[in-house]
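Chemist: The structure follows.
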Amino acid sequence: MTLLHTLFPLGWEHYLLGGIAIGLGVTLLFAMTGLVGGMSSVFSSTWSFIVDRPFFQQTRLKGSRIWRLEYAAGLILGAFLWWLLLGGPDPETTSVPVWQLLLGGFIGGYGARLGHGCTSGHGICGLGSLQWPSAVAVITFMVTAMITANLVGWLQS
């Protein structure tokens, strides 16, 4: 088995096409509207519909929640279309219980807001717009991931 096949067992082409599509999408959103397409803001702006606390009722969150939900719906629809056109005959499944997926999503969304953005948002939108805090965040994410992967590998051996 080659290193390329080990790293990309399902092939590398769809990763490349997906990356290009995401890059073009955020570029077009920014170029045409001046809006930054980070997904972690969807978390806070969506909560502004149901949570009355001052943080969630900020004008920047309330004023952007409709386009952010449309943006999120477009990403979900795009993933569905990608699967229909290029995916296998069966959807991918997991044995993880739904409650754990929901809890993990909530914790991840909350952590992304604490970090002023998620890993992909800092990597795609932040680095793409040459934001120094995003560079620091991405370096922190990468170093932490490398340490964690090596630690887990060491503990399992």
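The values are calculated or read from the model by the stated rules, or taken from the named source; none is laboratory data. Small disclaimer: the values here were computed from a predicted structure and weren't measured. Glycine also receives a Cβ, built like all others from the backbone with ideal geometry; neighbour counts cover every protein chain displayed. With ligands, DNA and RNA removed, areas are computed over all heavy atoms of the protein, side chains included. Shrake-Rupley method; radii C 1.70, N 1.55, O 1.52, S 1.80 Å.
Chemist: Within 10 Å, count the other beta carbons around each residue, average over each peptide in 45-53, 3-11, and list them highest first. Numbers along the way, then the final one.
Modeler: On the way: 45-53: 13.7, 3-11: 9.7.
Going by the mean number of other Cβ atoms within 10 Å, highest first, we get 45-53, 3-11.
Chemist: Just the number please: accessible area per residue for region 1-74, 1.4 Å probe, all protein chains included, in Å². Working shown, then result.
Modeler: Details: 5140 Å² over 74 residues.
Solvent-accessible surface per residue comes out at 70 Å².
Chemist: Using a 10 angstrom cutoff on alpha carbons, build the Gaussian network for the chain and name the most mobile of Val26, Val98, Val42.
Modeler: Taking springs between Cα atoms under 10 Å, the residue moving most is Val98.
Chemist: In sequence order, what are the phi-derived ³J(HN,Hα) couplings for region 72-87 according to the Karplus relation 6.51 cos²θ - 1.76 cosθ + 1.60 with θ = phi - 60°, rounded to whole Hz, with x for glycine and proline?
Modeler: 5, 4, x, 5, 5, 4, x, 5, 5, 5, 4, 5, 4, 7, 10, x
Chemist: Any chance you could run the full-extension gain for Thr6 through Ala145? It's 0.36 nm times the residue separation minus the Cα-Cα distance, nm to one decimal. Write out the running numbers ahead of the final one.
Modeler: Working: separation 139, 0.36 × 139 = 50.04 nm, distance 1.91 nm.
Here the segment from Thr6 to Ala145 would lengthen by 48.1 nm.
Chemist: Then there is this: Let me have the 222 nm mean residue ellipticity of the chain computed from DSSP H runs of 4+ only, each contributing -39500 (n - 2.57), with the sum over all residues rounded to the nearest 500. Don't skip to the end; give the middle numbers.
Modeler: Working: 7 runs with 102 residues, N = 157.
Mean residue ellipticity at 222 nm (helix-derived): -21000 deg cm²/dmol.
Chemist: How much of the accessible area of region 14-107, probe 1.4 Å, is carbon plus sulfur, in whole percent?
Modeler: On the way: 5000 of 6900 Å².
C and S fraction of accessible area: 73 percent.
Chemist: What is the packing order of peptides 146-154, 124-132, taking the mean over residues of other C-beta atoms within 10 Å and listing the highest first?
Modeler: Values: 146-154: 9.7, 124-132: 15.8.
Result, highest mean Cβ count within 10 Å first: 124-132, 146-154.
Chemist: Per residue of region 88-100, what does 6.51 cos²θ - 1.76 cosθ + 1.60 with θ = phi - 60° give for ³J(HN,Hα)? Whole Hz please, x for Gly and Pro, Karplus curve as stated.
Modeler: The phi angles translate into x, x, 10, x, 5, 10, 9, 9, 6, x, 4, 4, 6 Hz.
Chemist: Please turn the phi angles of region 17-27 into ³J(HN,Hα) values with the Karplus equation 6.51 cos²θ - 1.76 cosθ + 1.60 (θ = phi - 60°), one per residue in order, whole Hz, x for glycine and proline.
Modeler: With the stated coefficients, region 17-27 comes to 5, x, x, 5, 4, 5, x, 5, x, 5, 5 Hz.
Chemist: Rounded, prolate or oblate: which fits region 55-106, taking a ≥ b ≥ c as square roots of the Cα gyration tensor eigenvalues, rounded meaning a/c under 1.5, else prolate when a/b beats b/c? Don't skip to the end; give the middle numbers.
Modeler: Values: a/c = 6.59, a/b = 1.54, b/c = 4.28.
It comes out oblate by the Cα gyration axes.
Chemist: Which of [x] 22; [y] 41; [z] 32 is the computed percent of Cα pairs over 28 Å apart for the structure on display?
Modeler: [z]
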